[in-house]
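Structure first, then comments.
The values are calculated or read from the model by the stated rules, or taken from the named source; none is laboratory data. All values reported here derive from a predicted model rather than from experimental measurement. Here the Cβ positions follow ideal geometry from the backbone for every residue, glycine too, while neighbour counts run over all protein chains shown.
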Amino acid sequence: MRLMVLDQFSDFGGAQLCLRDVLLEARRRGWEAEVMAPGNGPLLEFVRDCGFAARTLPIARYATSRNAVLHGLRFGIGIIRCARAVRQALRDRPADLIYVNGPRVLPLVTDAGAPVLFHAHSVLTSRVARSIAVCCLRRARASALACSEFAARPVRAAFAANRVRVIYNGVADCFRPRTPRPGPVRVGLIGRIAPEKGHLDFLQAARLLAGRPDLRLSIIGAALFSDRGYERAVRSVGSRLGVEFCEWTAEIAEALGGLDVLAVPSGAQEASTRVVAEAFSAGVCVVAYPSGGLPELIRDGRTGLLTTKRGPVELAQAIQTLADDALMRARLTVNARAEWEARFTVERFQREVCDRIEAEAGAPVLSPNASRSGREAPAPARDATRA
């Protein structure tokens, strides 16, 4: 089996961490792979460490600004150059399947001449972007995976239902033994600092909770490939409220180990997020907005709390509920840990995605107990970023 993998970023966001896990399983199964992505970030370094081929896509980073037309023109020219590079790579070494790990690179595979499997990790909010993606998927006669039913809906609108499958993200075990400690209840938001992740709502909730000395609030993350101006605004407001800001740590388990409650105030278009499953495995309570695909991950009142609606008042009230009830926090974390074991392990995710790849490529699907060739997989890359 030989894969051609296309990604729209070479930095590690949530989608790229999922791709990392897929590549580890591909190597375990003895497959060959070539990964093409813009830049030369840690994703491509990881690919080379796995023994796979890595190439840089000559595509400009798109940004919305006063020069949006110029950026769009540069992006369009880059797409033409990238399509040529992909066709040349496929001529050099034909692939059994092309795995597309982001919508921005879909135009590269419309006439690739190999089966295409698109993995939807997000929902396109722009009508134009959705139309382009659907057109590309139809021209490529692609099949699709989605990280939630919410993310699958726009794709299903363009295809027969049997060509789109939902596979929820899986994560490694983030549990670390804890010893009871006195002091404030620690509440944090972990992830890329971007408007859709709800940092300003979190800070408004912090303002409402300012009179509670038994709470300590923190934000862990950075803008990454998002708007730096928004990050500056978040840091400015947060510093005035006494919210602690922490940079990325080497391991997500380390960041979660410093929290009692994880807040996930994502916007309406949140398809899914790995950090919920990571918190489940780590024994950290989750409070979240009922946004997008989040209710598919969190069973309200059993594995976490969902607010009645999106808003800082509701978020503050839910945080207060958890802060005031240690027994509830204990019950939720036990249930969430069991939920992770049943639904969100990385092994389950790897098996389901790679079995689907084999099926789409027309290769025989090996049973989970069958032996597979390949060198021992390297240790997972450092979780330096989240999405």
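So, in segment 239-283, how many residues would count as being in contact with a Ser or Thr (Cβ under 7 Å, 6 or more places away or on another chain), within 28 Å of Ala152 (Cα to Cα) and without any contact (Cβ under 8 Å) to a residue 60 or more places away in the chain? Residues meeting the conditions: 1.
In segment 90-115, of all residues being among the β-branched types (Val, Ile, Thr) and modelled with pLDDT of 95 or more, the one that is nearest to Leu6 (Cα to Cα) corresponds to Val100.
Counting only residues that are in contact with a helix residue (DSSP H, G or I) (Cβ under 8 Å, 6 or more places away or on another chain), over 22 Å from Glu278 (Cβ atoms), part of a helix (DSSP H, G or I) and not small (Gly, Ala, Ser), segment 292-320 holds 2 of them. If you check Ala54 against the conditions, is it farther than 19 Å from Pro107 by Cβ, assigned to a strand (DSSP E or B) and modelled with pLDDT of 95 or more? Judged against the criteria, Ala54 is a match.
Close contacts from segment 306-319, counting a first residue that is at pLDDT 95 or above and a second that is surrounded by fewer than 20 Cβ atoms within 10 Å (Cβ to Cβ) and small (Gly, Ala, Ser), with Cβ to Cβ under 9 Å and a gap of 6+ residues or different chains, come to Arg310/Gly267; Arg310/Ala268. Being among the aromatic types (Phe, Trp, Tyr), outside any helix (DSSP H, G or I) and modelled with pLDDT of 90 or more: is that true of Phe150 here? For Phe150, the condition - among the aromatic types (Phe, Trp, Tyr), outside any helix (DSSP H, G or I) and modelled with pLDDT of 90 or more - is not met.
Of the residues making up segment 1-33, those that are under 21 Å from the mean Cα position of the chain (by Cα) and more than 21 Å from Glu347 (Cβ to Cβ) are Met4, Leu6, Asp7, Gln8, Phe9, Ser10, Asp11, Gly13. Here Ala279 fulfils each of the conditions (1) assigned to a helix (DSSP H, G or I); (2) surrounded by fewer than 16 Cβ atoms within 10 Å (Cβ to Cβ) apart from (2). Do we find that Ala89 is in a loop (DSSP other than H, G, I, E, B) and either in the same structural domain as Ile298 (by TED's automatic domain parsing) or not hydroxyl-bearing (Ser, Thr, Tyr) (or both) in this structure? The answer is no for Ala89.
Of all residues in segment 264-276, how many are touching a His at 6+ places or on another chain (Cβ under 7 Å) and assigned to a strand (DSSP E or B)?
Total satisfying the criteria: 0.
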